[in-house]
Amino acid sequence: MQPEVEIRFTLNGRPVRTHVPPTMAVLEMVRERFALTGSKLACGEGECGACAVLLDGEPVLGCLTPAVDVDGRVLVTVEGLRHKADLAPLQKAFLMEGAVQCGFCTPGMLVAATALLAEHPHPSREQVRRGLEGNLCRCTGYVAIVEAVEDAGKR
Amino acid sequence: MTEQGYVRPDNLAGALDALADAPEGTRVLAGGTDLMVHLRAGKRFPRLVNVARVSELQALRVWGGALEVGAGVTVARLLRDAEVRRHAALLWQAADRFASPLVRSRATVGGNLVNASPAADLTLALLALDARVELVSRAGGVRSLGVDELVLGPGKTALGAGELVRTVRVPLAKPTAFHHFEKSGPRPALEISVAAVAVALRIEDGRVVEPRIACGAVAPVPLRVVPAEQVLAGRELTPALIEEAALAAAKVVRPIDDVRATALYRRRLVAAFVRRSLTAALDSQRVSHATGS
């Protein structure tokens, strides 16, 4: 057994603390320690982006980021994207455009697109495509997803 | 893994202590974009030294005539930095083509170097930029190696026992410099290069000065194609000379057939990328003449 390490950080706006094995990834920590199951395990190799979360505002792979590295920092999962009781404009745009098919890639897409919109509030189609380069949709519903993000940038 | 097996030092001295008595097979963990894949697949290491908290690896500044890049600097940070774009455009271009935003936010310069992949994009740019890599250890102090002296083969480096990459020093680009990076892979994002070419040269009084052409994924290590550089050195850049250099580069590389591409295809890509890079250099010269700058 690995000795666990205590970490304290801000999770979706609330200060939290937990104990994790040093080799545990952020993805398993949020799912198993905090029951936040929006972030998905798909490839586990950094190819698909279904596990994406925001660390100090930067989009990172939950599956490849050590949980101990979030100590003292600000972590946001897909569950933290909503604006109080309401959905974020980006989430509403996904609904309006029908940008969700099976839904498995959606949390990662929303997280990556949130980071993109923070950097480029009104992104071009090319900027959207590049911002979502690390996220795969196996339903191949990319057109609606890209349009939803563009649309959110126009709101 | 025991308590000894995972160390999270607070500073450089702590990291060097953890490496000084480290068992064979010890690995340094920075962004985790490579090592975490192995950990998830069940691979175990006798010791992991997580250097995320080592602030001495985070330098990014112009200092002493060079751009100093700490080993822990992420690809995303390179992209956001105006000094990198201004003084080492080739490194910036390689960073821009690197993997995906999700990987760029964690992957580090030091990690790209010591993983020693034949296809490493940043390493290729650093090779063409004549960068020097500073290694530190508790016992041996500091030593400095060229990229070609550090990277010896796939996954193999000249890092000695207890040594850590601290900093990479990139000479500042002169105003006459031209930098160009080209790569190709099966998917626009996250591609492991099928072939990549990094070109750095200067054009002074109409002639090519100190040309550097580095090719990735076409030899066991990122490779400078010296015969192609010799074709260019001191000569005036013309379409005929560009063709000569492109063919020379394709001749020197030693690509293999693998699941990603055939050797023949890779050789042709090298010629095409060298041609494209040098043509861009020629065009940039015409533009600067036309605008009188």
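A compact table of results
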read-out: Sparsely packed GluC sites (Glu not before Pro) within the stretch B:236-293, loop by DSSP, other Cβ within 10 Å at most 12; value: none
read-out: Where the Cα pairs of chain B fall when distances are cut into 10 Å bins, in %; value: 7, 28, 33, 21, 8, 2, 0
read-out: Spatially proximal aspartates and glutamates relative to B:K43 (Cα-Cα < 16 Å; intrachain offsets below 8 disregarded); value: A:E45, B:E24, B:D34
read-out: Relative contact order of chain B, pairs being alpha-carbon contacts under 8 Å that are 6 or more residues apart, as %; value: 14
read-out: Using a Förster distance of 56 Å, the FRET efficiency for A:E4-B:E236 (Cβ separation, nearest 0.05); value: 0.25
read-out: Angstrom value of the Kirkwood radius, inverse mean 1/r, which spans all Cα pairs in the stretch B:67-139; value: 12.4
read-out: Volume of the Cα convex hull of the stretch A:37-115, divided per residue and given in Å³; value: 94
read-out: Calculated Rg and Dmax of the stretch B:61-105 using C-alpha coordinates, Å; value: 10.3, 33
read-out: Between the stretch B:11-53 and the stretch B:82-139, the alpha-carbon center distance in angstrom; value: 19
read-out: Shielding by other protein chains, B:32-42, mean Cβ within 10 Å; value: 5
read-out: Anchor B:K183: aspartates and glutamates whose Cα lies under 14 Å away (excluding residues fewer than 8 positions away in-chain); value: B:D96, B:D121, B:E191
read-out: Residue order, fewest to most beta carbons within 10 Å, for B:T176, A:T23; value: B:T176, A:T23
read-out: P(r) tail fraction, the stretch B:90-196 - alpha-carbon pairs more than 23 Å apart, %; value: 29
read-out: Radius, Kirkwood style, for the stretch B:218-293 when every pair of distinct Cα atoms is counted (Å); value: 13.4
read-out: Sequence-separation-based contact order of the stretch A:5-80, relative, with Cα cut under 8 Å and 6+ spacing, percent; value: 40
read-out: For the stretch B:218-267 versus the stretch A:3-59, the gap between their alpha-carbon centres in whole angstrom; value: 44
read-out: Given charges at Cβ of Lys, Arg, Asp, Glu: the protein assembly as shown dipole, positive-most of B:T26, B:V218, A:A113; value: A:A113
read-out: Residue-count net charge about A:R14 - beta-carbon cut-off 12 Å; Lys, Arg +1, Asp, Glu -1; value: +1
read-out: Calculated FRET value between B:D258 and B:D10, using beta carbons and R₀ = 60 Å, to 0.05; value: 0.90
read-out: Largest-first ellipsoid semi-axes for the protein assembly as shown, taking √(5λ) over the Cα gyration tensor eigenvalues, angstrom; value: 37, 29, 19
read-out: Hydrodynamic radius (Kirkwood) for the stretch A:5-80, which is based on Cα pairs only, to one decimal in Å; value: 11.9
read-out: Whether chain A is rounded, prolate or oblate, judged on the alpha carbon gyration tensor where a/c under 1.5 counts as rounded; value: prolate
read-out: Charge tally in the Cβ shell below 13 Å around A:A93, where Lys, Arg are +1 and Asp, Glu are -1, A:A93 excluded; value: -1
read-out: Rg and Dmax [Cα atoms of the stretch A:89-154; Å; Rg one decimal, Dmax integer]; value: 10.2, 28
read-out: Cβ charges +1 (Lys, Arg) and -1 (Asp, Glu), total dipole of the protein assembly as shown, debye; value: 380
read-out: Per-residue average of Cβ from other chains inside 10 Å of A:55-63; value: 5
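Readers should treat all values here as calculations from the given coordinates under stated rules, not as data from a laboratory. Owing to the predicted nature of the structure, the values given are computational and were not obtained by experimental measurement. Please note: Cβ atoms are built from the backbone with ideal geometry, for glycine as well, and neighbour counts cover all protein chains shown.
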